[in-house]
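*Asks:* Here's a structure for you.
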Amino acid sequence: MLEIRNLHARIAEDGTEIIRGLNLTVNKGEVAAIMGPNGSGKSTLSYILAGREDYEVTEGEILLNGESILELDPSERAAKGVFLAFQYPVEIPGVATMQFLKVAMNEQRKARGEAELTTPDFIKRVKAAAEELKINPDMLRRPLNVGFSGGEKKRAEILQMSLLEPSLCVLDETDSGLDIDALKVVADGVNALRSPDRAIIVITHYQRLLDYIVPDTVHVLYKGQIIRSGAKELAHELEANGYAEIIGQAA
């Protein structure tokens with residue numbers, strides 16, 4: 001599904017290198033957790049996968065289903081099935097959540113050569129997905145993320161992900177700012193999307209999210225490189241011992 005080979009990337013504005021020779025493979029059907037201390041490059045990696053223009057790839061490859069996506073803009077990557085759930089979802093005043101969802105879904109369908117959804121079919125799909133995520137219907141009539149609580153913003157993003165059905169889901173610290181009840185609801189939404197044809201990358205600082213979204217693999221990112229990979233037990237090891245020992249072994 002996703003293969004990253006010797007990736008080097010820097011901040012476009014000042015040339016600061018953040019990703020320094022990163023290699024990572026995530027297979028179809030796999031949930032991969034990426035953990036690491038602050039400043040290790042976790043969020044930067046998510047932005048680069050989504051095609052954010054603030055970052056410049058200077059070397060290496062990013063392949064999605066064997067095809068390079070480096071020359072694609074964010075909308076083209078989205079059409080290929082890449083979805084990024086932000087750590088801090090942005091507010092979009094003046095754009096109703098339902099309208100945003102309808103446009104996003106139909107643009108994706110258009111890119112795949114499919115017919116646009118009829119209004120009744122669209123409403124039926126949104127209502128069913130919103131109910132699963134315990135989203136109040138009133139929230140869907142408000143401008144996107146405007147006045148939403150942290151938990152509501154994260155649920156709205158998982159709702160988008162559920163409706164768009166991407167092949168590669170990247171969750172950038174989705175647990176940030178969530179209380180335990182909201183965390184469980186969001187995790188249930190993510191788990192419902194687990195599929196043999198979909199890969200999910202979960203970026204997090206803490207083990208607690210991985211108690212609810214149990215990963216198949218765990219990768220430790222430090223100074224722009226994957227320094228260790230393992231099974232789900234690696235997350236428990238990090239929770240118990242921190243990063244110092246693993247960083248020391250990789251030095």
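*Asks:* Which order do peptides 144-153, 67-76, 39-48 fall in by mean Cβ count within 10 Å, highest first?
*Replies:* Descending mean neighbour count gives 39-48, 144-153, 67-76.
*Asks:* Calculate how steeply helix 180-192 sits against the longest principal axis of the alpha-carbon atoms of the chain, using the helix alpha-carbon long axis, and give the answer as 0 to 90 degrees to the nearest 10.
*Replies:* For 180-192 against the chain, the angle is about 90 degrees.
*Asks:* Can you tally the net charge around MET35? Count Lys and Arg as +1, Asp and Glu as -1, for every other residue whose Cβ sits under 15 Å from the Cβ of MET35.
*Replies:* -4
*Asks:* What nm value, rounded to one decimal, do you get for the distance between ARG141 and ASP179 when each label is placed 7 Å out toward the C-beta?
*Replies:* It works out to 2.5 nm between the two label points.
*Asks:* Here's another thing I want to ask about it. Going by a ≥ b ≥ c, the root eigenvalues of the Cα gyration tensor, does segment 88-165 fall in the rounded group (a/c under 1.5), the prolate group (a/b larger than b/c) or the oblate group?
*Replies:* Verdict is prolate for segment 88-165.
*Asks:* In addition: Run down the lysines and flag those whose C-alpha is under 17 Å from the C-alpha of LYS80, throwing out any fewer than 8 positions away in its chain.
*Replies:* Within the straight-line limit of under 17 Å, LYS80 reaches these lysines: LYS28, LYS110.
*Asks:* May I pose another question? Considering the chain as a Gaussian network with a 10 Å cut-off on Cα pairs, which listed residue, LEU133, LEU101, LEU117, attains the greatest mean-square fluctuation?
*Replies:* It is LEU117.
*Asks:* Next question. Find the centroid of the Cα atoms in segment 177-235 and in segment 19-86, then give the distance between the two in whole Å.
*Replies:* If we compute the Cα centre of each part, the gap is 16 Å.
*Asks:* With each run of n ≥ 4 DSSP H residues scored as -39500 (n - 2.57), what mean residue ellipticity at 222 nm is computed for the chain after dividing by its residue count and rounding to the nearest 500 deg cm²/dmol? Don't skip to the end; give the middle numbers.
*Replies:* On the way: 10 runs with 96 residues, N = 251.
For the chain, the value works out to -11000 deg cm²/dmol.
*Asks:* If I model a spin label as a point 7 Å beyond the Cα along the Cα-Cβ vector, how far apart are those points for ALA240 and ALA104 in nm?
*Replies:* 3.9 nm
*Asks:* Regarding the chain, what are the three Cα extents along the principal axes, ordered largest first, in Å?
*Replies:* Projected onto its principal axes, the Cα set of the chain covers 57, 39, 36 Å.
*Asks:* If I model a spin label as a point 7 Å beyond the Cα along the Cα-Cβ vector, how far apart are those points for ALA192 and GLU132 in nm?
*Replies:* 0.4 nm
*Asks:* Using Cα positions and a limit of under 16 Å, work out the lysines in reach of LYS153, with same-chain residues fewer than 8 apart set aside.
*Replies:* LYS134, LYS184
No lab work stands behind these numbers, since they all come straight from the coordinates. Just so it is clear, the model here is predicted, and its values are computed rather than measured. Neighbour counts run over all protein chains shown; Cβ positions are idealised from the backbone, glycine included.
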